[in-house]
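Only one structure is covered here, and it is reproduced in the block below.
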Amino acid sequence: MGKIITIGREFGSGGREVGKRLSDELGIAYYDNEIITEIAKRTKLAEGYVQHVMENSPSTLMPITIGRTFYMGVDPVMEQNNAVYREQSLLVQELAEKSDCVIVGRSADYILRDKDPLRLFIYADMESRMERCRKRAPEQEHFTDKELRRHIQDVDKKRSKYYQFFTGQTWGDKLNYDLCINTSGADIEALVKVIAKLVK
């Protein structure tokens, strides 16, 4: 049986690093932002727009209509959102069919549920997440602790709403995953070796 590993993660928890290191350790394909690039090509939408759709709750993307401008037909913005999700779903399935792989985010745990993937969810305490974000932030980014905490919470909230909208499931609910991993203060390199042994 092939190895398909999906990774859901809280923002700043190190989920992306876990995914990349795990794919290297197992010698299998790794997919993350490459999915956004390919969806943009297929839908002929700008890559930035596709990323925006995938990082926001669909309801927040619908145009605001007031009074006489109320739109009774098909909402073109919502149609674009749905097109992005359809392509995401098709692409994730194609990638899983093609070879063993690690897929970060993209609702892959739900999309590939019939393939019985190993579904990981990576989380950490707020202090660890803030520290990780600060280490990886671009030089020009200067959040106060309060602003950074709010930013982390906002990203997670958007991920949760997007996941729930398209899957009907609760993002981060332990019942949706095979293994939930707390990376607070953990040596991720050592942690990945343990996960790799489990997968093997």
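The values are calculated or read from the model by the stated rules, or taken from the named source; none is laboratory data. Only a predicted model underlies this, so the values are computations on that prediction, with no experimental measurement involved. A quick note on method: Cβ atoms are made from the backbone with ideal geometry, for glycine too, and the neighbour counts reach across all protein chains shown. In case anyone asks, the SASA skips ligands and DNA or RNA and just uses the protein heavy atoms, side chains included. Shrake-Rupley method; radii C 1.70, N 1.55, O 1.52, S 1.80 Å.
Taking the criterion of being polar (S, T, N, Q), buried (at least 16 other Cβ atoms within 10 Å of the Cβ) and farther than 20 Å from Ser160 by Cα, the residues of the stretch 1-54 that qualify are Ser23, Thr43.
Would you confirm whether any residue within the stretch 6-18 is β-branched (Val, Ile, Thr), touching a Leu at 6+ places or on another chain (Cβ under 9 Å), modelled with pLDDT of 85 or more and in a helix (DSSP H, G or I)? Outline the logic, then answer.
Going through the stretch 6-18, the residues β-branched (Val, Ile, Thr) turn out to be 6-7, 18.
Okay, now just the ones that are also touching a Leu at 6+ places or on another chain (Cβ under 9 Å), so 6-7, 18.
From what's left, modelled with pLDDT of 85 or more: 6-7, 18.
Now drop any that are not in a helix (DSSP H, G or I), which leaves 18.
Yes, the conditions are met somewhere in the stretch 6-18.
For the stretch 120-177, a tally of residues being of a type in the set (Ser, Thr, Tyr), touching a residue at least 40 places away in the same chain (Cβ under 8 Å) and more than 25 Å from Val53 (Cβ to Cβ) returns 1. Those helices (runs of 4 or more DSSP H) of the stretch 89-191 in which 1 or more residues are over 18 Å from Arg21 (Cα atoms), open to solvent by 20 Å² or more (accessible area, probe 1.4 Å) and out of contact with any helix residue (DSSP H, G or I) (no Cβ under 9 Å at 6 or more places or on another chain) occupy 126-136, 145-167.
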